[in-house]
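Undergrad: Handing you a structure now.
The values are calculated or read from the model by the stated rules, or taken from the named source; none is laboratory data. None of these values were measured; they are calculated from a predicted model. In this analysis, Cβ positions are derived from the backbone assuming ideal geometry, glycine residues included, and neighbour counts consider all displayed protein chains. For accessibility, only protein heavy atoms count, side chains too; no ligands or nucleic acids. Shrake-Rupley method; radii C 1.70, N 1.55, O 1.52, S 1.80 Å.
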Amino acid sequence: METAISPIIRFFITEGVPFQTIILLLMLPVIATFIAFLRQVVGIKAFGIYTPLITTFAFLATNGLRYGVAIFLVVIFVGMLMRFILKPFRLLYLPRVAIMLTVVSLIILTMLVFGGNLRRTGLASVSIFPILIMITLVEKFVATQIEKGNKAALVLAFETLIISILGFFIASWEGLIGLLIAHPWTILLTLPINIIIGKWTGLRVSEYFRFRSIIKKL
Amino acid sequence: MFEFFKNSQKLLGMNSRNLEFIRPFNRTRAKRLADDKLLSKRILKKNNIAVPKLIATIKTVEELENFDWQSLPSSFALKPNRGFGGEGIIVVYGKKKNHTDYWIKADRSLITVDDLRSHVRNILDGSFSLSGTPDVAFFEERLQLLKLFKPYAYKGIPDIRIIVFNKVPVMAMLRLPTKESGGKANLQQGAVGTGIDMATGVTTTAIHGKNGFIEKIPGTQLSTSGLRIPHWKSMLLLAAKAQEVSNLGFLGVDIAIDSKNGPEILELNARPGLSIQIANLAGLKERLNRVRGIKIKTIEKGVRVGMDLFGGEIEEELEEISGKKIIGTVEKVKLIGKNGKEIEVEARIDTGAGISSIDKALAEELGFGEAVKLWEDFHLDKILSTSEIAELSKNKTWKELEKHPDIVGVAKTFSAHGATYRIEIKVTLILDSLPIVSKLSIANRTGLIYPLLVGRRDLRKFLIDVNK
């Protein structure tokens, strides 16, 4: 693909920064702004900003979205299951999370082995870092389970998944990548956008939905 | 569509709450006070605001090891200091008989010292605290449920959330624990929330958890509207005072009523939730904007402003002009029978009837069993023909009946359904907090919805609003 490359990017590359790293770092503010927008204006909460962001990058780093999503779902499912299994033992928080992490690791290892066995080499060759990132989801999930209950944790996990998938598509959108390479300064536009979002006091889309039954009666 | 967006301006959303109210009016230090239950309890108490009495605290594992469990009373509430949403709270109602190591929880299950110890350890570990940081556990006195609330609350104590801004109480909600919420007064967990008229403290519309509007308390025939919350004005004063003391400009105050000590502040909330708007069918932003910026010197003034601005003025006015209370066609009535026995029922208010009548079963409950028995022995508990009535009058049956000390009179009624020959008993009715000494005629009202019918003779002090 022939795209115009901005001189500054060309300079970065000659200085030895990998091209892929440059793209990811330029993409980060875009995704972060996107998540902030979804939170403040649309009302999709997810697990804060860090978790969906890092999950998006984990998806980008796995070979194709489906393996990333599969690992994500396994992590959440095990988190759910282990809560029920561990409940009667009444363990303290950290040991409990440690047990969960152990089980998740073992299950993902099994998955990779099976994947290799079934010649799904894509799965087995997923690099370790995205896997580790997603395993850390367990703690976030468990903490939310305790704070807000199972259902809320599931909803938030689902929202995180949706945001991360959307983020994945944005970050792998050729047009946007082309724009960032050709005009890297456009990234600074996220600053005024975030200032506007940060001052936004209107109802969120989700709140129109939440209050729909009473808005007409006010 | 335009209307839709115009109306939505009246609502307070999360963004606006955080940016326009919490940020400018709730300073970090004040927020820290609200998040620390023990600290806010201490500060409130110092300022002579009623709070549930503190029994003991456990701050460290060492204190936990050395804690004397036998020093605890038979009933108490165990809470995490920085808990939220009612999580991590254990309430026990009594000790198991002849066992020093067992307490009984609301659902009648037993809890041992070991259970309590492990729960406290979880609290200390931060399992229930806002950010998972280590926490302190404390025991406080358990509040006694007010008799009035008994039929409305399922195992647990209802609480009243009042939002105060600029010394003015702007909106309030009564939260009733249900079976679904497991006795907790938390909307998220399935409790019932009812809106409250700020002027009178009478409940209005209600929501059940996230299921939307309801008119009856789940599992009962009790109407969610029209319940008059006692101590209303003193609760508003309490809330406004707590706001002044805590320095939180925009504050949610949770109050519960103890049957002995009256209203007490359970906790302060620096980030009150938004569901209160649904329960009240009213927008909080509109109300906050009306109160914003006005100078209010004393809390008494603030409370008065809140009551005037956000209460149903019309009804109050009418009552003031006529000097008569306005009631609906169905009202709750408290009956005081023999030996002070009290029963509360819903009654049909019927201006078509001259005298009030009471179902015989209810009369028996009030202690008039003998009178009812005598009446039944005369075979009078049914519809009679006009000739039968004439014969009864001729035989002077009333003389026989009135020999019984509980029977204060005999009444004959004639209607399209036929005639009845009834005995009358003396009972005090309390209708809309007004006591009326009444002669109630006993009738067979089996199969009718309301066991009590209040007629014209007892309604002289009221106006009836058929829309109510």
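Undergrad: What accessible area per residue, rounded to a whole number of Å², is obtained for the protein assembly as shown using a probe radius of 1.4 Å?
TA: For the protein assembly as shown, the per-residue accessible area is 50 Å².
Undergrad: Roughly how many Å is it from the Cα centre of region A:179-213 to that of region B:374-420, as a whole number?
TA: 80 Å
Undergrad: Moving on. Helix-only mean residue ellipticity at 222 nm, chain B, DSSP H runs n ≥ 4 weighted -39,500 (n - 2.57), per residue, nearest 500. What is it?
TA: Helix-only estimate at 222 nm: -7000 deg cm²/dmol.
Undergrad: While we're on this one: Which residues of region B:263-291 show a drop of at least 30 Å² in accessible area when all protein chains are present, compared with their chain alone (probe radius 1.4 Å, heavy atoms only, ligands and nucleic acids excluded)?
TA: Flagged in region B:263-291: B:LEU274, B:ILE278, B:LEU281.
Undergrad: Using the membrane-span-like helix rule (whole DSSP H runs, Cα extent along the own axis of at least 27 Å, mean Kyte-Doolittle hydropathy at least 1.6), which helices of chain A qualify?
TA: A:19-37, A:65-86, A:93-117, A:150-171
Undergrad: At a Cα cut-off below 24 Å, give the lysines reachable from B:LYS399, other chains included and same-chain residues fewer than 8 away excluded.
TA: By straight Cα distance, B:LYS399 reaches B:LYS338, B:LYS360, B:LYS373, B:LYS382, B:LYS412, B:LYS426, B:LYS439.
Undergrad: Of all the accessible heavy-atom surface of chain B, with the other protein chains kept in place and a 1.4 Å probe, what percent is carbon and sulfur? Show your work: numbers first, answer last.
TA: Values: 11220 of 22260 Å².
In chain B, the share of accessible area belonging to carbon and sulfur is 50 percent.
Undergrad: Sequence neighbours fewer than 8 away in the same chain don't count; with that in mind, list the aspartates and glutamates whose C-alpha is under 18 Å from B:LYS45.
TA: B:ASP35, B:ASP36, B:GLU140, B:GLU141, B:GLU244, B:ASP254, B:ASP258, B:GLU264, B:GLU267
Undergrad: Rounding to the nearest 20 debye, state how big the charge dipole of region A:7-215 is about its Cα centre with +1 on each Lys and Arg Cβ and -1 on each Asp and Glu Cβ.
TA: Its charge dipole is roughly 700 debye.
Undergrad: Does region B:226-288 come out rounded, prolate or oblate, given a ≥ b ≥ c as the square roots of the eigenvalues of its C-alpha gyration tensor, rounded meaning a/c under 1.5 and, failing that, prolate meaning a/b above b/c?
TA: On the way: a/c = 2.02, a/b = 1.21, b/c = 1.67.
Here region B:226-288 falls in the oblate category.
Undergrad: With angles folded into 0 to 90 degrees, how steeply does helix B:313-322 sit against the dominant principal axis of chain B? Use alpha carbons for both and round to 10.
TA: 40 degrees
Undergrad: Between chains A and B, what is the buried accessible area summed over both chains (1.4 Å probe, protein heavy atoms, nearest 100 Å²)?
TA: Counting protein atoms only, the buried area is about 2500 Å².
Undergrad: Please give the length that would be gained between B:THR60 and B:GLU215 if that part of the chain were fully extended, namely 0.36 nm times their separation in residues minus their C-alpha to C-alpha distance (nm, one decimal).
TA: That pair, B:THR60 and B:GLU215, stretches by 51.1 nm at full extension.
Undergrad: Follow-up question, since we're still on this one. Provide the FRET efficiency to the nearest 0.05 for the B:SER385-B:ARG108 pair, computing r from the beta carbons and using R0 = 45 Å.
TA: After rounding, the FRET efficiency stands at 0.25.
Undergrad: Given points 7 Å out from each Cα along the Cα-Cβ axis, report the B:ASN395 to B:ASN48 separation in nanometres with one decimal.
TA: Between B:ASN395 and B:ASN48, the simple spin-label model gives 6.9 nm.
Undergrad: I need two numbers for region B:326-464: Rg to one decimal and Dmax as a whole number, Cα atoms only, in Å.
TA: My reading of the Cα-based Rg and Dmax gives 14.6, 43 Å.
Undergrad: About its Cα centre, how strong a charge dipole does region B:216-297 have in debye, to the nearest 20, once Lys and Arg get +1 and Asp and Glu get -1 at the Cβ? Intermediate values should be presented prior to the final figure.
TA: Numbers: 12 positive and 6 negative charges, 87 e Å.
In debye, rounded to 20, region B:216-297 gives about 420.
Undergrad: Helix-only mean residue ellipticity at 222 nm, chain A, DSSP H runs n ≥ 4 weighted -39,500 (n - 2.57), per residue, nearest 500. What is it?
TA: Calculated mean residue ellipticity at 222 nm is -23000 deg cm²/dmol.
Undergrad: With a ≥ b ≥ c taken as the square roots of the eigenvalues of the C-alpha gyration tensor of chain A, please select rounded if a/c is under 1.5 and otherwise prolate if a/b is larger than b/c or oblate if it is not?
TA: On the way: a/c = 2.36, a/b = 1.15, b/c = 2.05.
Oblate shape, in that a/c is at least 1.5 and b/c is the bigger or equal ratio.
Undergrad: Which of the three applies to region B:329-378, rounded, prolate or oblate, going by the alpha-carbon gyration tensor with a ≥ b ≥ c and a/c under 1.5 meaning rounded?
TA: Working: a/c = 2.87, a/b = 1.36, b/c = 2.11.
Cα axes put region B:329-378 in the oblate bin.
Undergrad: By how many degrees, 0 to 90 and rounded to 10, does the Cα axis of helix B:299-310 deviate from the longest principal axis of chain B?
TA: 60 degrees
Undergrad: While we're here: Residues of region A:180-218 that become at least 30 Å² less accessible with every protein chain present than in their own chain isolated, using 1.4 Å: which are they?
TA: When all protein chains are present, A:THR201, A:LEU203, A:ARG204, A:GLU207, A:TYR208, A:ARG210, A:PHE211, A:ILE214, A:ILE215, A:LYS217, A:LEU218 each give up 30 Å² or more of accessible surface.
Undergrad: If packing is taken as the mean number of other Cβ atoms within 10 Å per residue, what is the order of B:55-68, B:267-280, A:43-56, highest first?
TA: B:267-280, A:43-56, B:55-68
Undergrad: In whole percent, how big is the carbon plus sulfur part of the accessible area of region A:7-215, probe 1.4 Å, protein atoms only?
TA: 75 percent
Undergrad: Given charges of +1 on the Cβ of Lys and Arg and -1 on the Cβ of Asp and Glu, with all other atoms neutral, how large is the dipole of region B:115-229 about its Cα centre, in debye to the nearest 20?
TA: For region B:115-229, the charge dipole is close to 280 debye.
Undergrad: When the expected Rg is taken as 2.2 N^0.38 Å, what fraction or multiple of it is the alpha-carbon Rg of chain B? Numbers along the way, then the final one.
TA: Details: Rg = 26.7 Å, N = 468, 2.2 N^0.38 = 22.8 Å.
Normalised Cα radius of gyration, chain B: 1.17.
Undergrad: For the protein assembly as shown, with the dipole built from +1 on Lys and Arg beta-carbon atoms and -1 on Asp and Glu ones, taken about the Cα centre, which of B:ILE358, B:ALA371, A:THR190 lies farthest toward the positive end?
TA: Result: A:THR190.
Undergrad: Using the charge dipole of region B:54-140 (Lys, Arg: +1 at Cβ; Asp, Glu: -1 at Cβ; taken about the Cα centre), state which of B:ASN81, B:PHE139, B:VAL92 has its Cα farthest towards the positive end.
TA: Among B:ASN81, B:PHE139, B:VAL92, the one farthest towards the positive end of the dipole of region B:54-140 is B:VAL92.
Undergrad: Calculate how steeply helix B:232-246 sits against the longest principal axis of the alpha-carbon atoms of chain B, using the helix alpha-carbon long axis, and give the answer as 0 to 90 degrees to the nearest 10.
TA: Computed tilt is about 0 degrees.
Undergrad: Using a Cα-Cα cut-off of under 18 Å, which aspartates and glutamates could be cross-linked to A:LYS199, ignoring same-chain neighbours fewer than 8 residues away?
TA: Candidates past the 8-residue exclusion: A:GLU207, B:GLU20.
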